[in-house]
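Novice: Pasting a structure here, questions to come.
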Amino acid sequence: MSTIETIYNAVLDGNAPAAKAGVEAALNEGLSADQILKDGLIGAMAEVGRLFEENEYFVPEMLVAARAMQGGLTLLKPHLAEAGTTSIGKVVIGTVKGDLHDIGKNLVGMMLEGAGFEIVDLGTDVSPEKFVKAVIEHQPNVIAMSALLTTTMPSMKGTIAALEEAGVRDKVKVMIGGAPVTDSFAKQIGADGYSPDASSATRLAKSLVG
Ligand code: B1M
């Protein structure tokens with residue numbers, strides 16, 4: 001079995017120590033962080049989602065798989081992007097209200113940090129009011145919202161409306177992403193940009209700060 005398969009199976013089994021050991025072994029073998037991430041960790045989570053849809057996995061299995069993935073991701077963090085020396089902008093990031101999925105959001109945050117952005121991570125289940133408060137307090141260049149549920153996507157629109165109501169919409173760029181989010185949804189709700197994955201999120205954030 002290849003090291004990538006070991007990582008993939010460890011995430012599927014929700015075995016965090018094995019996932020971490022697999023990532024360590026893969027890095028020692030000289031495999032790229034990108035390959036470990038895409039083929040090992042993200043590949044396994046896509047399969048977890050499929051098994052959930054097929055009623056073969058349930059929430060507890062998704063949860064332990066997520067923990068195993070997070071464990072592996074932490075070890076990959078320093079390898080995902082070269083750390084910038086000076087801040088190129090500040091990003092307030094969070095998963096929107098009602099949504100507890102944070103792996104994609106964490107990955108986007110790590111890549112942005114690696115690209116030189118200062119990150120203020122508000123966590124998950126972030127209400128529009130909390131985003132507005134953070135914009136006033138931290139004065140970021142960008143707010144980055146993540147949603148993994150079709151039912152929580154409307155909160156992105158709610159946050160933009162709350163920014164307008166507080167009179168700070170023109171002070172900050174808004175970017176959005178997450179599996180059910182699309183470019184046309186971004187346009188529809190008046191966001192400044194959408195990106196489908198963590199590496200394009202970095203490019204988008206850079207273009208938004210000019
Ligand atoms: Co949930 N879950 N989940 N889940 N879960 C999904 C999302 C689902 C698609 C599974 C399925 O049915 N196939 C489904 C959503 C259906 C829908 O709405 N269309 C679902 C469901 C239904 C639920 C519950 C409702 C289940 C229940 O309770 N009955 C529940 C909701 C809880 C809540 O949030 N209120 C729930 C709970 C959970 C767990 C807590 C158990 C766990 C999350 C743990 C955690 O995050 N700490 C979990 C997991 C793990 C998943 C799956 C299996 C994996 C998600 C993941 O981490 N992927 C997921 C199935 C799937 O996605 N195939 C599923 C890996 C991650 C790297 O990818 O997050 O897509 P992703 O991020 C990508 C891009 O989307 C993008 O970049 C990332 C890297 O490339 N991206 C951005 C993300 N945010 C971005 C922001 C940006 C730019 C790009 O700019 C700001």
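Novice: Between a residue in the stretch 136-152 that is touching a residue at least 60 places away in the same chain (Cβ under 8 Å) and any residue that is of a type in the set (V, I, T), which pairs come within a Cβ distance under 6 Å, given they are 6 or more apart or on different chains?
Specialist: Taking only residues 6 or more apart or on different chains, the pairs are N141/V209; V142/V91; A144/V91; A144/I93.
Novice: Give, as residue ranges, the helices (runs of 4 or more DSSP H) completely inside the stretch 36-145 that count at least 2 residues that are of a type in the set (A, V, I, L, M), within 17 Å of S200 (Cα to Cα) and open to solvent by 20 Å² or more (accessible area, probe 1.4 Å).
Specialist: So the answer is 103-114.
Novice: State the number of residues belonging to the stretch 93-118 that are more than 7 Å from the ligand (Cβ to nearest atom) and modelled with pLDDT under 95.
Specialist: Summing the residues that are more than 7 Å from the ligand (Cβ to nearest atom) and modelled with pLDDT under 95 in the stretch 93-118 gives 11.
Novice: What are the residues in the stretch 157-181 that are more than 18 Å from I119 (Cα to Cα), over 15 Å from the mean Cα position of the chain (by Cα) and within 14 Å of the ligand (Cβ to nearest atom), if any?
Specialist: Answer for the stretch 157-181, where residues must be more than 18 Å from I119 (Cα to Cα), over 15 Å from the mean Cα position of the chain (by Cα) and within 14 Å of the ligand (Cβ to nearest atom): T159, I160.
Novice: How about the stretch 190-210: which of its residues are crowded, with 19+ Cβ neighbours inside 10 Å and among the β-branched types (V, I, T)?
Specialist: T202
Novice: Is there a residue in the stretch 175-183 that is closer than 16 Å to N141 by Cβ, buried (at least 17 other Cβ atoms within 10 Å of the Cβ) and of a type outside the set (A, V, I, L, M)?
Specialist: Looking for residues that are closer than 16 Å to N141 by Cβ, buried (at least 17 other Cβ atoms within 10 Å of the Cβ) and of a type outside the set (A, V, I, L, M), one finds none in the stretch 175-183, hence no.
Novice: Tell me whether the stretch 100-113 contains one or more residues that are in contact with an Asp or Glu (Cβ under 7 Å, 6 or more places away or on another chain) and within 14 Å of S146 (Cβ to Cβ).
Specialist: yes
Novice: From the list L148, L204, L163, exactly one residue is touching a Lys or Arg at 6+ places or on another chain (Cβ under 6 Å) and assigned by TED's automatic domain parsing to the domain that holds V120. Which is it?
Specialist: L163
The values are calculated or read from the model by the stated rules, or taken from the named source; none is laboratory data. Predicted model, so just to flag it, every value in this text is computed and none were measured. Neighbour counts run over all protein chains shown; Cβ positions are idealised from the backbone, glycine included. Accessible surface is based on the protein model in full, side chains and every heavy atom, while ligands, DNA and RNA are left aside. Shrake-Rupley method; radii C 1.70, N 1.55, O 1.52, S 1.80 Å.
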